[in-house]
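The values are calculated or read from the model by the stated rules, or taken from the named source; none is laboratory data. What you are looking at is a predicted structure, and each value in this text was computed from that prediction instead of being measured. Ideal geometry is used to build each Cβ from the backbone, glycine not excepted, and the neighbour counts take in all protein chains shown. When the accessible area is computed, the model is the full protein with side chains, heavy atoms only, and any ligands, DNA or RNA have been set aside. Shrake-Rupley method; radii C 1.70, N 1.55, O 1.52, S 1.80 Å.
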Amino acid sequence: MLQQLLLISLLGLRWTTASGLLCSRIFPSKQPPFTADSVRPSDVAALSFIGLHEHSTELSTVLSRLTELMTTFSPGLISHLSEETDGNTPPFLQHGTLVEQAKEVALYLQSKKDVDVNQDWTLVLLFVPVDQLCACEQVPSEIKRVVEEVAGALQLLHSQESLDELLVQKRWYHDRDDFTVTLQDTPFIRNPSSSGKPLSEPKASKHTDELMVQMWTNLLQPSVDQHKTEDNENMSILPCPTEDRPFLRTEGNFPSYHHSEASHLSQDFRGTEMPCKHFGPSDSTPSSVHELRPGDIKVVAAVGDSLTAGNGIASSPNNILDVLTQYRGLSWSIGGDENLTTVTTLPNILKHFSPNLTGFSVGTGKQNTPQAFLNQAVGGAKSINVPLQVRSLVARMKNDSRINFESDWKLITIFIGGNDACDHCDNSQQSSVSNYTRYVQESLDYLHKEVPRALVNLVEVLHITPLRELHQDKSLNCPTWLVNILCPCVITPKPDSEELQNLENTNRGYQREVRELAETGRYDTRSDFTVVTQPFFREIVVPRLPDGRLDRSFFSADCFHLSKRAQTLMARSLWNNMLEPLGNKTFLLEFNSFINLRCPTKASPFLFTKINSPPVTTTAPITDTSPSTTTTPSTTTTPSATSIRVEPKCPTSVAVWVPVVVGILCLLAGIIVTWLILSHCQRQKHKPGKDGVEMKGTNF
């Protein structure tokens, strides 16, 4: 039986430069290894590839250079590419499915007389095609098709969920000593022609060098013993095997998080205890939105993107495919599964005040399913899609027998902008701040025109750039390749780059413009309708573990969407924002801090609006932030306290001449004191001692 290591690589584009030097020490095995976990580069007798295509010219170049590097460890290495004199990909690796290519590779290796099928080790690189994936409706079926194709190829070499789940369930990393599968998610290589900017030959060479170094690095166990090579622009690293880590990396000799840390990443999170005494509705249904109590709300509704649709909220930490599941019943602003003791959402909080509340979503499914009800958020949506969502929402409210459209008070939450930020570097005009604001305004205008008795929560888009750190710490094993597809404008910019600053400016622009839009009074022309900006997402503090690393339990398997644990804090924060007056709203969310629910009081029983909020007692806009400045709120755990303390002003009634006179007097006093001290010292210097000897002093 042919012994094999199988490496699955998910590839895409990484336009950086690199170069490499050969390793000086080989560390060969003293005898042929019996298990895949103890295979060294020098033990590999054959190197093969699956998943190449005719257009993969750059990848072919990368693999040719990788083959050359492997040959320095194993001079007799057999490879398809080394046998091609023109450097092209072998014809049987350019066509067919992964399964068909796997069959061809197996036959090829069995036909080589130089390979001992009972003793020699083969390294197979299987490249998974993901070029057809996009953030659109066909993603679930496309991912499923790709995963099934990979599973078939692995099954053939070895004789349905995400790739991580596939390895865990099939246990191909641990079921046989002479066979193992290791998942690599970088580098990610797209067809270079898709960029539209052909590269010069020197730059293209550096690019392929970098990709080769990255691929080689992924094959080895992490090590601090690395050769550094320098070109004219950059420092790059070519790692080499070391005496303590000489093996090719497998799940057996260097397990990844889904085997060693799965228990730590548990996303189970309890519900919330209701601290408020029962505050029922108003004695009679209020006619003014500025006198609206939580108990007066009869209908909840929401529009937005995947964070409201509920993508991946209950997914297991290593099930990337399940992030496509929309857990609408767990959604922070509109979900209604179970009750507050087990699931913390805004509707479950409101049920304590309004037991007959309706409109919330339950279970899973898309926006057009019955269980979605008034959760009309769509995964992958941008601001341009929200006007259509609100029209669908209003139609559902008008046509549902459970809702009295004219008399029921409605609470509508709008949260949009994350996908606009993700796309702004590729579509700067479409995702501009002005366009974003225009679509939000169009949505609000429609609600203002069509919906009676409504309070609209306009939640500021989250500060998205801190999430980059999740994909910079490689120890977290986040699927950066996937987020590079879904949100390239957030992940790919380099630190301190112009692209990153543009992202920050756009992000802050979205926040600022919706805040100003709501505060213009445009939506305060009727007593039964208003829009209130809720800013708790303006600043975020990413959660950390005791060792300083980011805590993945607040995120879904893709390290991008938010888990049930994070959604719990979002629901509490939104509720608290609604009970905070304008000018004193919390605009910082610390994911790893505990957030108590606020409660209405007898003095302030209403949900706060611009009209019923007390005037701010400071002349400065204490809640405003800009791209370069951040205002840190003073938080508290008492439900009735405000989030930001207004510092008392210093008195300004002192006459202008007083400081001048005081300064002159102080100067004169200082001169006099100095003169007295010097005179005293001088006298002491010349004063004789008891024996007639002059005493020596110390000068100041």
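Condition first: open to solvent by less than 20 Å² (accessible area, probe 1.4 Å) and not charged (D, E, K, R). Now tell me which residues in the stretch 543-560 satisfy that. Break it down into steps so the answer makes sense when it comes.
Pass one, the stretch 543-560, residues open to solvent by less than 20 Å² (accessible area, probe 1.4 Å): 543, 550-559.
Of everything in the stretch 543-560, those that are open to solvent by less than 20 Å² (accessible area, probe 1.4 Å) and not charged (D, E, K, R) turn out to be 543, 550, 553, 554, 555, 556, 557, 559.
Where in the stretch 472-528 are there helices (runs of 4 or more DSSP H), lying fully within it, with 3 or more residues that are within 30 Å of residue 582 (Cα to Cα)? Talk me through it step by step, then tell me what you get.
Working: elements: 480-486, 488-491, 498-519.
Of the helices (runs of 4 or more DSSP H) lying wholly inside the stretch 472-528, those with at least 3 residues that are within 30 Å of residue 582 (Cα to Cα) span 498-519.
Quick grid of which residues meet (1) aliphatic (A, V, I, L, M); (2) over 23 Å from residue 304 (Cβ atoms):
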{"site": "462", "(1), (2)": "yes, no"}
{"site": "467", "(1), (2)": "yes, no"}
{"site": "492", "(1), (2)": "no, yes"}
{"site": "504", "(1), (2)": "no, no"}
{"site": "531", "(1), (2)": "yes, no"}
{"site": "535", "(1), (2)": "no, no"}
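Here's the yes/no breakdown for (1) at positive phi; (2) not hydrophobic (A, V, I, L, M, F, W, C):
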position: 532; (1), (2): no, no
position: 535; (1), (2): no, yes
position: 545; (1), (2): no, no
position: 548; (1), (2): yes, yes
position: 552; (1), (2): no, yes
position: 570; (1), (2): no, no
position: 574; (1), (2): no, no
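Within the stretch 214-304, which strands (runs of 3 or more DSSP E) (wholly inside it) include 2 or more residues that are over 25 Å from residue 179 (Cβ atoms) and either among the aliphatic types (A, V, I, L, M) or modelled with pLDDT of 95 or more (or both)?
Numbers: elements: 226-230, 235-239, 297-304.
Because the criterion is at least 2 residues that are over 25 Å from residue 179 (Cβ atoms) and either among the aliphatic types (A, V, I, L, M) or modelled with pLDDT of 95 or more (or both), the strands (runs of 3 or more DSSP E) in the stretch 214-304 that meet it are 235-239, 297-304.
Here is a check on your reading of the model: is residue 67 open to solvent by 20 Å² or more (accessible area, probe 1.4 Å), modelled with pLDDT of 55 or more, under 23 Å from residue 217 (Cα atoms) and not acidic (Asp, Glu)?
Numbers: open to solvent by 20 Å² or more (accessible area, probe 1.4 Å): no; modelled with pLDDT of 55 or more: yes; under 23 Å from residue 217 (Cα atoms): yes; not acidic (Asp, Glu): yes.
Taking the combined requirement at face value, the residue does not satisfy it.
For the stretch 305-328, what are the residues that are hydrophobic (A, V, I, L, M, F, W, C), open to solvent by 20 Å² or more (accessible area, probe 1.4 Å) and either part of a helix (DSSP H, G or I) or under 19 Å from residue 534 (Cβ atoms) (or both)?
Filtering the stretch 305-328 for residues hydrophobic (A, V, I, L, M, F, W, C) gives 307, 309, 313-314, 320-321, 323-324.
In the following step, the residues that additionally are open to solvent by 20 Å² or more (accessible area, probe 1.4 Å) were identified as 307, 314, 320-321, 324.
Passing the criteria: 307, 320, 321, 324.
Cβ-Cβ distance below 7 Å, separation of 6 or more or different chains: which pairs start in the stretch 347-370 with a residue that is under 16 Å from residue 276 (Cβ atoms) and among the hydroxyl-bearing types (Ser, Thr, Tyr) and end on one that is open to solvent by less than 20 Å² (accessible area, probe 1.4 Å) and not in a helix (DSSP H, G or I)?
354/297
Checking residue 57 against (1) modelled with pLDDT of 85 or more; (2) surrounded by fewer than 18 Cβ atoms within 10 Å (Cβ to Cβ), which test does it fail?
For residue 57, the failing item is (1).
Exactly one condition in (1) within 18 Å of the chain's Cα centre (by Cα); (2) open to solvent by less than 10 Å² (accessible area, probe 1.4 Å); (3) hydrophobic (A, V, I, L, M, F, W, C) is false for residue 485; which is it?
(2)
Of all the residues that make up the stretch 329-356, how many are assigned to a loop (DSSP other than H, G, I, E, B) and closer than 17 Å to residue 457 by Cα? Working first, answer last.
Within the stretch 329-356, the subset assigned to a loop (DSSP other than H, G, I, E, B) is 331-334, 336-345, 351-356.
From what's left, closer than 17 Å to residue 457 by Cα: 331-334, 345.
The qualifying residues number 5.
Run down 508, 522 and say which single residue is open to solvent by 30 Å² or more (accessible area, probe 1.4 Å) and among the basic types (Lys, Arg). Spell out the reasoning first.
Details: 508 fails: open to solvent by 30 Å² or more (accessible area, probe 1.4 Å).
After ruling out the rest, the residue left standing is 522.
Examine the stretch 421-443 for a residue that is in contact with a Phe, Trp or Tyr (Cβ under 9 Å, 6 or more places away or on another chain), at pLDDT 95 or above, farther than 26 Å from residue 397 by Cα and of a type in the set (Val, Ile, Thr), and state whether such a residue exists.
The answer is yes, given that some residue of the stretch 421-443 is in contact with a Phe, Trp or Tyr (Cβ under 9 Å, 6 or more places away or on another chain), at pLDDT 95 or above, farther than 26 Å from residue 397 by Cα and of a type in the set (Val, Ile, Thr).
Kindly indicate which of 22, 52 is surrounded by fewer than 17 Cβ atoms within 10 Å (Cβ to Cβ), at pLDDT 55 or above and outside any helix (DSSP H, G or I).
After ruling out the rest, the residue left standing is 22.
Could you figure out which of (1) farther than 18 Å from residue 126 by Cβ; (2) modelled with pLDDT of 75 or more isn't true of residue 91?
(2)
Looking only at the stretch 339-395, count every residue that is among the basic types (Lys, Arg) and within 30 Å of residue 285 (Cβ to Cβ) and tell me the total. Lay out the reasoning, then the answer.
Our first condition is that a residue be among the basic types (Lys, Arg); within the stretch 339-395, this holds for 351, 366, 382, 391.
Next cut, within 30 Å of residue 285 (Cβ to Cβ) only: 351, 391.
Residues in the stretch 339-395 being among the basic types (Lys, Arg) and within 30 Å of residue 285 (Cβ to Cβ): 2 in total.
Sort through 566, 571 and tell me the only one that's within 20 Å of the chain's Cα centre (by Cα), more than 29 Å from residue 453 (Cβ to Cβ) and either among the aliphatic types (A, V, I, L, M) or in a strand (DSSP E or B) (or both).
Details: 571 fails: more than 29 Å from residue 453 (Cβ to Cβ).
None of the other options fit; the residue is 566.
Within the stretch 512-523, can one find any residue that is closer than 30 Å to residue 319 by Cα and of a type outside the set (Asp, Glu)?
Within the stretch 512-523, the subset closer than 30 Å to residue 319 by Cα is none.
There is no residue in the stretch 512-523 that is closer than 30 Å to residue 319 by Cα and of a type outside the set (Asp, Glu).
Within the stretch 358-375, work out how many residues are open to solvent by less than 10 Å² (accessible area, probe 1.4 Å) and either closer than 24 Å to residue 315 by Cα or not in a loop (DSSP other than H, G, I, E, B) (or both). Let's see the steps before the verdict.
Pass one, the stretch 358-375, residues open to solvent by less than 10 Å² (accessible area, probe 1.4 Å): 359, 361, 372, 374-375.
Adding the requirement that they be either closer than 24 Å to residue 315 by Cα or not in a loop (DSSP other than H, G, I, E, B) (or both) leaves 361, 372, 374-375.
Qualifying residue count for the region: 4.
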